[in-house]
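Working notes for the structure below.
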Amino acid sequence: MKEINRLNDLFMRYLIGKEGDEDILENIVNAVLNNAGFESVSNLEIINPYNLPENENLKESILDVKAKTKDGKKIIIEIQLVGNNNFVKRILYYIAKNIVLDLKENEDYINVSQMISISFINFNLNMGSETDIKREHKCFTPTDINNHNLRLDVFQMHFIEIKRFKDILKNTSIDEYNKNKLLSWIDFFTTKDLEKDIEKLIGGNNIMSKVIDKYKRFVADEKEMEAYNERDTFLYGQAVMFQYEREEGFKQGMEKGMEKGIEKGKKDEQIAIAKGMKNKNMDLNLISELTGLSIEEIEKL
């Protein structure tokens, strides 16, 4: 079976964003919600159905999947391969923007829908305590600072850290795997031999038989793969540029640190020489001339 990057957001839109396959979308949404202790949703309607001609030239846009429930909840799913802690702020902005767009002009704000944002990210968020950092599924909602059970259920922001989940998969028992459908999704995204793991995936999540069938149709479709390859090239370039910027930032930080260290060392040397001269009762003007320190600095030694 042909292997592709199943975290490619174009492929993900094809997989969970096509009309007629709402059961796949519902499965992955509920896998995330249940993993965080939230109730399941049902009867999802896709707001922005996948259509290849509309997506194949959108190489730089956010390729997300939007859906709504019968009771008005809005759900946004996104894949992000590179990033850092600032990504949380971007999602918060994105949620706020969607809330504003959701209201018609002069419409009562009481009609604001609950927003559920789900981001599958292929990097780690390093925020909070050591325990918080290691948590593979981070979920943010507005809560009262004194009583976390007092919650404004206006939005949820779920961040599924795929790299941390991969580490969990290594030590997960079959029973745990079969109980937590999110694990089967992480396994589907990251396994290096999909064909070998088909039986395990279906055993953990019945929807995987349909998911794998859709995957096979995607990799066999010439037009879909052409669009996928273009998108994958862009995503690869984006990842390389992010890594380069991060390394350059680290390099510049090291250089500045070294410069500061050299300057401090030079200053310390000047002070030590000046102290020795002052102890020998040498003229302060001469000490200043020889060390570069001001008279005021020398007097304080």
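If we keep just the residues of region 141-166 that are closer than 26 Å to L81 by Cα and among the β-branched types (V, I, T), which is most open to solvent (accessible area, probe 1.4 Å)? The extreme case among them is T141. Against the definition (in contact with a helix residue (DSSP H, G or I) (Cβ under 9 Å, 6 or more places away or on another chain), within 22 Å of N30 (Cα to Cα) and either of a type in the set (A, V, I, L, M) or open to solvent by 20 Å² or more (accessible area, probe 1.4 Å) (or both)), how does L169 come out, yes or no? For L169, the condition - in contact with a helix residue (DSSP H, G or I) (Cβ under 9 Å, 6 or more places away or on another chain), within 22 Å of N30 (Cα to Cα) and either of a type in the set (A, V, I, L, M) or open to solvent by 20 Å² or more (accessible area, probe 1.4 Å) (or both) - is met.
Out of all the residues in region 210-239, which are open to solvent by 60 Å² or more (accessible area, probe 1.4 Å) and either touching a Gly at 6+ places or on another chain (Cβ under 9 Å) or not basic (K, R) (or both)? Hits for region 210-239 are D213, A220, D221, E222, E226, N229, E230, T233, Y236, Q238.
Here's the yes/no breakdown for (1) open to solvent by 70 Å² or more (accessible area, probe 1.4 Å); (2) at pLDDT below 70; (3) among the β-branched types (V, I, T):
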| residue | (1), (2), (3) |
| --- | --- |
| G257 | no, yes, no |
| I273 | yes, no, yes |
| D283 | yes, no, no |
| S288 | no, no, no |
| L293 | no, no, no |
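Residues in region 172-187 that are open to solvent by less than 10 Å² (accessible area, probe 1.4 Å) and hydroxyl-bearing (S, T, Y) were compared, and the one that is farthest from F123 (Cα to Cα) is Y177.
Considering region 1-32, the residues that are of a type in the set (A, V, I, L, M, F, W, C) and surrounded by fewer than 20 Cβ atoms within 10 Å (Cβ to Cβ) include one that is nearest to H137 (Cα to Cα), namely L7.
Here is a yes/no grid of residues against (1) over 15 Å from K89 (Cα atoms); (2) touching a strand residue (DSSP E or B) at 6+ places or on another chain (Cβ under 9 Å):
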| site | (1), (2) |
| --- | --- |
| I110 | yes, no |
| Q114 | yes, yes |
| I118 | no, yes |
| L125 | no, yes |
| E130 | yes, no |
| H137 | yes, yes |
| P142 | no, yes |
| I145 | yes, no |
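Name the one entry in I118, I133 that is of a type in the set (V, I, T), open to solvent by 20 Å² or more (accessible area, probe 1.4 Å) and at pLDDT 90 or above.
I133
When region 33-49 is filtered for residues that are open to solvent by 20 Å² or more (accessible area, probe 1.4 Å) and either within 24 Å of the chain's Cα centre (by Cα) or polar (S, T, N, Q) (or both), the ones remaining, listed by number, are N34, N35, A36, G37, F38, E39, S40, S42, N43, I47, N48, P49.
Quick check on region 188-202: of everything there that is assigned to a helix (DSSP H, G or I) and without any contact (Cβ under 8 Å) to a residue 24 or more places away in the chain, which residue is least open to solvent (accessible area, probe 1.4 Å)?
L201
The values are calculated or read from the model by the stated rules, or taken from the named source; none is laboratory data. These numbers were taken from a predicted model, which means no experiment stands behind them. Quick reminder, even Gly has a Cβ in these numbers, built from the backbone with ideal geometry, and neighbours come from all protein chains shown. Surface accessibility is based on the protein's heavy atoms, side chains included, excluding ligands, DNA and RNA. Shrake-Rupley method; radii C 1.70, N 1.55, O 1.52, S 1.80 Å.
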